[in-house]
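Encoded as structure tokens, the structure appears first; notes follow it.
Please treat every number below as a calculation from the coordinates, not as lab data. Just so it is clear, the structure is predicted and the values come from calculations on it, not from any experiment. In this analysis, Cβ positions are derived from the backbone assuming ideal geometry, glycine residues included, and neighbour counts consider all displayed protein chains.
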Amino acid sequence: MKVYFAPQSRAVRTVWLLEEIGLPYELEKFQLGQKEMRAPDYMAINPNGRVPTLVDSDVTISESTAIAQYLAAKYAPNLAPSPEAPNFANYLQWLHYAEGMIMPPINNYVVETILLPPERRNDEIAMRALKLLNRTLSAVEKHMKEREFLADYFTIADTITGHAIIMARRFDADFSKLPNLSTYADRLEARPAFQRAASV
């Protein structure tokens, strides 16, 4: 199994999950923005030139949530509730919340504060993205009251939306009024599998 990876990217989710499951993997490591990510040999594997990409024998898959669902279905069904489980709907809701709600404003904020050259950055757009990010986090804060994990026990939803929450905290989101999310993010970052993935 091979993972195309860059630090501080969604690829951390994939390595984190592999570490949780205990599956061996090989890393092909990039830095974000590295020209090799646009090279023909990698574009043949992932036409978007993005990470993560997982190659498992004859399977190639490149969306982090889809990778998580694939790995759980094939190797760790205990990390994804069945449709008959009472927490199934909750699990689906929070599995997809990251990409639907949290990551779009993070992406806009990162573009305006890091990726664009200073002369092209727009503070108004950055602050609007941060405001929207804080609003999306408040819904998770409410959900996490008296909960340890998003769907009652640790699932792949925590490696996806939990990772987005960790990233939000690192990118200046206001956690001062989010005690449940602060505790939740601390709990996730303390997991040995997460620490191994974060140190790759």
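General remarks:
- Summed residue charge, Cβ within 11 Å of Y42's Cβ, Lys/Arg positive, Asp/Glu negative: 0
- Summing +1 for each Lys or Arg and -1 for each Asp or Glu among the other residues whose beta-carbon sits under 13 angstrom from that of V140 gives +4.
- Per the Debye formula on identical point scatterers at the alpha carbon atoms of the range 23-87, with no solvent, log10 I(q)/I(0) at q = 0.17, 0.23, 0.24 Å⁻¹ is -0.69, -1.02, -1.08.
- Charge dipole (the range 2-79, unit charges on Cβ, about Cα centre) - positive-most of F5, Y75, L17: F5
- Under the Karplus curve 6.51 cos²θ - 1.76 cosθ + 1.60, θ = phi - 60°, whole-Hz ³J(HN,Hα) for the range 110-120, x wherever Gly or Pro sits: 5, 4, 6, 10, 10, 6, 6, x, x, 6, 9
- Expressed per residue, the C-alpha convex hull volume of the range 93-200 stands at 101 Å³.
- Charged-residue dipole, Cβ positions (Lys, Arg, Asp, Glu), the range 140-183 about Cα centre, Debye nearest 20: 100
- What you get for the range 2-79, charging only the Cβ of Lys and Arg (+1) and of Asp and Glu (-1), is a dipole of about 260 debye around the Cα centre.
- Rounded to the nearest 0.05, the FRET efficiency derived from the C-beta distance between R135 and K29 at R0 = 45 Å is 0.85.
- Lysines with Cα under 16 Å of K2, excluding same-chain neighbours fewer than 8 positions away: K29, K74
- Taking label positions 7 Å along the Cα-Cβ direction at both A73 and N48, the computed distance is 1.8 nm, reported to one decimal.
- Kirkwood's formula applied to the C-alpha pairs of the chain gives a hydrodynamic radius of 17.5 angstrom.
- Fully extended contour minus Cα-Cα distance, from R38 to S176, at 0.36 nm per residue: 45.7 nm
- DSSP assigns beta bridges within the chain; of those with both partners inside it, close to 65 percent run antiparallel.
- Estimated from helical segments only, the mean residue ellipticity of the chain at 222 nm is -15000 deg cm²/dmol, where each DSSP H run of four or more residues counts as -39500 (n - 2.57).
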